[in-house]
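The values are calculated or read from the model by the stated rules, or taken from the named source; none is laboratory data. Everything quoted here is computed from the prediction, not taken from an experiment. All Cβ positions, even for glycine, are placed from backbone atoms using ideal geometry, and neighbour counts span all protein chains on display. Each accessible area value is taken on the protein alone, full model and side chains, heavy atoms only, with ligands, DNA and RNA left out. Shrake-Rupley method; radii C 1.70, N 1.55, O 1.52, S 1.80 Å.
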Amino acid sequence: MTTDTHRVIRPSILYFGTPVVLLTTENDDGTTNLAPISSAWALGQYVVLGLGSESQTVRNLAERPELVINVASPELWERVERLAPLTGAHPVPESKRAVYRFEPDKFAAAGLTPTDSHLVAPPRVAECGLQLEARVRALTPGGGGLFFGVECEVLRVHADERIVVPGTHHIDPALWNPLIYNFRHYHGLAPQVGHGFRSETARRTAAAH
């Protein structure tokens, strides 16, 4: 019989190693809101986001369902952290006032650069190696009103040419390194230990050798 070395715990958060993305959305007055989140996952050509119900991002998407999902890399962690205590909601919701403060120009506050999108109104974040222009297809309340699940269809993907396998549309996983939020600590990826059986990049590399 094996010995179970696990014990029951009650962690305050469950960010067990998730990617950090910066969401750009359009405010009522045409300015841009920029928000870091760490609840995002891809399903085919869709990305599902988890957003707090009182966030400015949710308010914007309910009225203007366009956004850019900008995937951060490890060298941006300090700029991401500058955004963490900021909110685009004014006045600041009562539940956030102890921690967050209103900031109308988050790009400037974080030292990041907006660049025009092709298909949606909100800009992309120039410093992010992957930028996904998207449109919201469903916005579903959950968690007893605490959050929304946001289903986004990706319309166009922009990738820094340095992380693309030459002559293909594949991201080179040996070169691309997303910023990971691991129980409120920032990490990059560890060295590769293997690859999935459906990896087209691995097959291409093997064929070349």
>> For PHE16, only one of the following conditions fails: (1) more than 17 Å from ASN182 (Cα to Cα); (2) surrounded by fewer than 17 Cβ atoms within 10 Å (Cβ to Cβ). What is its number?
In response: (1)
> Taking segment 172-209 as the region of interest, how many residues are hydrophobic (A, V, I, L, M, F, W, C), open to solvent by 40 Å² or more (accessible area, probe 1.4 Å), within 27 Å of LEU23 (Cβ to Cβ) and not in a loop (DSSP other than H, G, I, E, B)?
Replying inline: 0
>> Exactly one condition in (1) of a type outside the set (Val, Ile, Thr); (2) open to solvent by less than 50 Å² (accessible area, probe 1.4 Å); (3) in contact with a helix residue (DSSP H, G or I) (Cβ under 8 Å, 6 or more places away or on another chain) is false for GLY142; which is it?
In response: (3)
>> Condition check: open to solvent by 50 Å² or more (accessible area, probe 1.4 Å), closer than 26 Å to TYR15 by Cα and either of a type in the set (A, V, I, L, M) or touching a helix residue (DSSP H, G or I) at 6+ places or on another chain (Cβ under 7 Å) (or both). Does ALA98 satisfy that?
In response: yes
>> I'd like the residue in segment 88-109 that is touching an Asp or Glu at 6+ places or on another chain (Cβ under 9 Å) and in contact (Cβ under 8 Å) with a residue 40 or more places away in the chain and, out of all such residues, is farthest from LEU22 (Cα to Cα).
In response: SER95
> Across segment 145-164, what is the number of residues that are in contact with a helix residue (DSSP H, G or I) (Cβ under 6 Å, 6 or more places away or on another chain) and farther than 14 Å from THR57 by Cβ?
Replying inline: 0
>> Need the failing condition index for GLY44 against (1) under 23 Å from LEU175 (Cα atoms); (2) in contact (Cβ under 8 Å) with a residue 12 or more places away in the chain, just the number.
In response: (2)
>> Quick check on segment 162-171. Is at least one of its residues without any contact (Cβ under 8 Å) to a residue 40 or more places away in the chain, among the small types (Gly, Ala, Ser), farther than 30 Å from SER12 by Cβ and open to solvent by 30 Å² or more (accessible area, probe 1.4 Å)?
In response: yes
